[in-house]
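Asks: Could you have a look at this structure, given as structure tokens, before my questions?
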């Protein structure tokens, strides 16, 4: 029997993974205890997505388990054992603002929870492919020291700096930088996933995401900026831009495109490999540009204000260079650009807000 296990299965990437891989596996095991509602409030609950997945996929089985609970996780791994062929670990505390409130919670979820998953995989299904959703925050604020120029609506890399013309690659140092508490806990998990590949020989892949987005995102002010921005555009709720004149740039990758990267890695896995995984030069925007697109799609003016105070450790300009992944998996490519992603997001939100 071929079984895939997905943590954070009710979230954006976890849910997309269930949708995608349910067609390729006999059974999908979901692990999710809706901690997102604890992090960001009931309005960010993912229960609706869990219900959607259970109705849609007959081969999806969900367990209400906290990834910090080693004993409960162990029961799952012992029950399904070597039938587990793929582990997709997306469960996390995802906000660097929230992490500063409860560093112990943040580290226990992001670092200890990941170690639980790795060690149980090693002991019970060592041949399984293990995929981990890391973050570009592992690079800390190092990108802010690149030579940037200010344009009318965005910051951009200086034309004289050709090395970064396609974005930031995996050679950027993750050392001697301000990560935020969240970034530091994800560094610990990121390095551990690499180590289980390189030291124990497991087939592990680390995907350092840019802004992950899509129609099934339960966006909140502290996490999921495109989703939350579109939500505010629809509802008229107030939105705050934090610093950098609203010209800070993010690359945005649709959840389908990221999970499709997982699929390519699964079919030809490597050991302890790391990939930057964002929208790259194909799909990126500044805050000001994103507001304009949301206003155009929704037909409404956004109710927003500007705060001079930027978030600690926040990136001014971040675009992922995905050349390494494309070099390893040349058949992979993007399906959703920024406008199509936001349009799909709008169409989905108006039916459930």
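The values are calculated or read from the model by the stated rules, or taken from the named source; none is laboratory data. Because the structure is a prediction, the values reported are computed rather than measured. For neighbour counting, all protein chains shown are included, and Cβ atoms are generated from backbone atoms with ideal geometry for every residue, glycine included.
Asks: Restricting attention to region 341-353, which residues are without any contact (Cβ under 8 Å) to a residue 60 or more places away in the chain and not in a loop (DSSP other than H, G, I, E, B)?
Replies: The one that is without any contact (Cβ under 8 Å) to a residue 60 or more places away in the chain and not in a loop (DSSP other than H, G, I, E, B): 343.
Asks: How many of the residues making up region 157-184 are in contact (Cβ under 8 Å) with a residue 60 or more places away in the chain and surrounded by fewer than 15 Cβ atoms within 10 Å (Cβ to Cβ)?
Replies: Selection size over region 157-184: 1.
Asks: Of all residues in region 185-203, which are out of contact with any strand residue (DSSP E or B) (no Cβ under 9 Å at 6 or more places or on another chain) and buried (at least 23 other Cβ atoms within 10 Å of the Cβ)?
Replies: Within region 185-203, just 185 meets the criteria.
Asks: I'd like to verify a number: residues in region 39-58 that are outside any loop (DSSP other than H, G, I, E, B) and out of contact with any helix residue (DSSP H, G or I) (no Cβ under 9 Å at 6 or more places or on another chain), how many?
Replies: So the answer is 5.
Asks: Across region 87-107, which residue is surrounded by the most Cβ atoms within 10 Å (Cβ to Cβ) among those that are outside any loop (DSSP other than H, G, I, E, B) and over 18 Å from the mean Cα position of the chain (by Cα)?
Replies: 105
Asks: Using beta carbons and a limit of 8 Å, which pairs, at least six apart or on different chains, have the first residue in region 60-72 and in contact (Cβ under 8 Å) with a residue 60 or more places away in the chain and the second one outside any strand (DSSP E or B)?
Replies: Taking only residues 6 or more apart or on different chains, the pairs are 67/73; 67/91; 67/109; 67/113; 67/114; 67/116; 67/117.
Asks: Condition check: in contact (Cβ under 8 Å) with a residue 60 or more places away in the chain, more than 23 Å from the chain's Cα centre (by Cα), on the phi < 0 side of the Ramachandran plot and surrounded by 12 or more Cβ atoms within 10 Å (Cβ to Cβ). Does residue 151 satisfy that?
Replies: no
Asks: Run residue 70 past the list (1) at pLDDT 95 or above; (2) within 19 Å of residue 188 (Cβ to Cβ); (3) within 22 Å of the chain's Cα centre (by Cα) and report the number of the one that doesn't hold.
Replies: Looking at each condition in turn, residue 70 falls short on (3).
Conditions (1) more than 19 Å from residue 321 (Cα to Cα); (2) at pLDDT 95 or above; (3) in contact with a helix residue (DSSP H, G or I) (Cβ under 9 Å, 6 or more places away or on another chain), marked per residue:
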{"site": "185", "(1), (2), (3)": "yes, yes, yes"}
{"site": "188", "(1), (2), (3)": "yes, yes, yes"}
{"site": "200", "(1), (2), (3)": "yes, yes, yes"}
{"site": "209", "(1), (2), (3)": "no, yes, yes"}
{"site": "213", "(1), (2), (3)": "no, no, yes"}
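Asks: Using the structure shown, decide if residue 77 is in contact with a helix residue (DSSP H, G or I) (Cβ under 8 Å, 6 or more places away or on another chain) and under 19 Å from residue 15 (Cβ atoms).
Replies: For residue 77, the condition - in contact with a helix residue (DSSP H, G or I) (Cβ under 8 Å, 6 or more places away or on another chain) and under 19 Å from residue 15 (Cβ atoms) - is not met.
Asks: Scan region 102-123 and tell me whether some residue there is touching a helix residue (DSSP H, G or I) at 6+ places or on another chain (Cβ under 8 Å), more than 20 Å from residue 195 (Cβ to Cβ) and at pLDDT below 95.
Replies: No, because not a single residue in region 102-123 is touching a helix residue (DSSP H, G or I) at 6+ places or on another chain (Cβ under 8 Å), more than 20 Å from residue 195 (Cβ to Cβ) and at pLDDT below 95.
Asks: Mind listing whichever residues of region 150-167 are at pLDDT below 95, outside any loop (DSSP other than H, G, I, E, B), over 15 Å from residue 280 (Cβ atoms) and in contact with a strand residue (DSSP E or B) (Cβ under 8 Å, 6 or more places away or on another chain)?
Replies: Passing the criteria: none in range.
Asks: Cβ-Cβ below 9 Å, separation at least six or inter-chain, first residue in region 7-34 and on the phi > 0 side of the Ramachandran plot and buried (at least 24 other Cβ atoms within 10 Å of the Cβ), second outside any loop (DSSP other than H, G, I, E, B) and at pLDDT 95 or above: which pairs?
Replies: From residues that are on the phi > 0 side of the Ramachandran plot and buried (at least 24 other Cβ atoms within 10 Å of the Cβ), the pairs are 8/14; 8/15; 8/17; 8/30; 8/31; 8/88; 8/89; 8/133.
Asks: Pull up region 293-326, narrow it to residues that are part of a loop (DSSP other than H, G, I, E, B) and without any contact (Cβ under 8 Å) to a residue 12 or more places away in the chain, then point me to the one that is nearest to residue 264 (Cα to Cα).
Replies: 299
Condition check ((1) at pLDDT 95 or above; (2) under 16 Å from the mean Cα position of the chain (by Cα); (3) within 24 Å of residue 85 (Cα to Cα); (4) not in a strand (DSSP E or B)) across all residues:
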| position | (1), (2), (3), (4) |
| --- | --- |
| 173 | yes, no, no, yes |
| 195 | yes, no, yes, yes |
| 234 | no, no, no, yes |
| 275 | yes, yes, yes, no |
